[in-house]
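Take a look at the structure set out below.
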Amino acid sequence: MEEEQMKEGLSGQALIEKNKKVKKEINRLKKVFKELSKNKKKIAERLIENAGFMSVTLEDLKKDIIKYGVKETYVNGKDQFGFKESIESKTYNTMIKNYMNIIKQLNDMMPEQKKINEDDEFDKFNDLA
C-alpha cells in the first residue's frame, strides 16, 4: 500500500502538511517583499507563490538527497547496469537555479535602499545563517 502511495504522490495528510508549509513560506516572502509598490506587487504575486512552492519542495528534495544520495542504479538489459544521477538530484539542481532567479527578480523590483542581500537569503534557505 505504501509503495502505491509513493507512485501516486503524497498521502492526504502529507499533502495537507506540504500545502501548509507552502502557505507559510509564501506569507514569509510576502513580508520580505512588502516594500514593493502596488503595481509591482501584482506582478510579484505569482513569483512569490512559485518561490514559496519551490522553497518547500527544495527542502523535501534535499532531505531525499541526504537520505538516498545523488546517484541511483540503472539496468539496461541483462548485463548493462551502472549509476546515474538521481531524479531528485537533477530536479533539485534545476529548481534551485530557478528559485534563485525568482528571488533575484523579486529583489530587483525592490526600492534600492530596501533590497535584500541575496547571499543572506541563500544562506537562510540553506540553514547557514
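Worth pointing out:
- Of the GluC sites (Glu not before Pro) found in the range 21-76, not one falls in a DSSP loop while having at most 11 other beta-carbon atoms within 10 Å.
- Within the straight-line cut-off of under 18 Å between alpha carbons, the lysines reachable from K40 are K30, K31, K104, K114, K115, sequence neighbours fewer than 8 places apart in one chain being disregarded.
- When you filter the trypsin sites (Lys or Arg not before Pro) in the range 37-78 for DSSP loop state and at most 10 other Cβ atoms inside 10 Å of their Cβ, you are left with K78.
- The stretch between I87 and K62 holds 7.8 nm of extra length on full extension. This uses 0.36 nm per residue minus the Cα-Cα distance.
Just so you know, all these numbers are worked out from the coordinates, no wet-lab data involved. It should be emphasised that the depicted structure is a prediction, and the values quoted were computed from it without experimental measurement. Every residue, glycine as well, gets a Cβ built from its backbone with ideal geometry; the counts of neighbours run over all protein chains shown.
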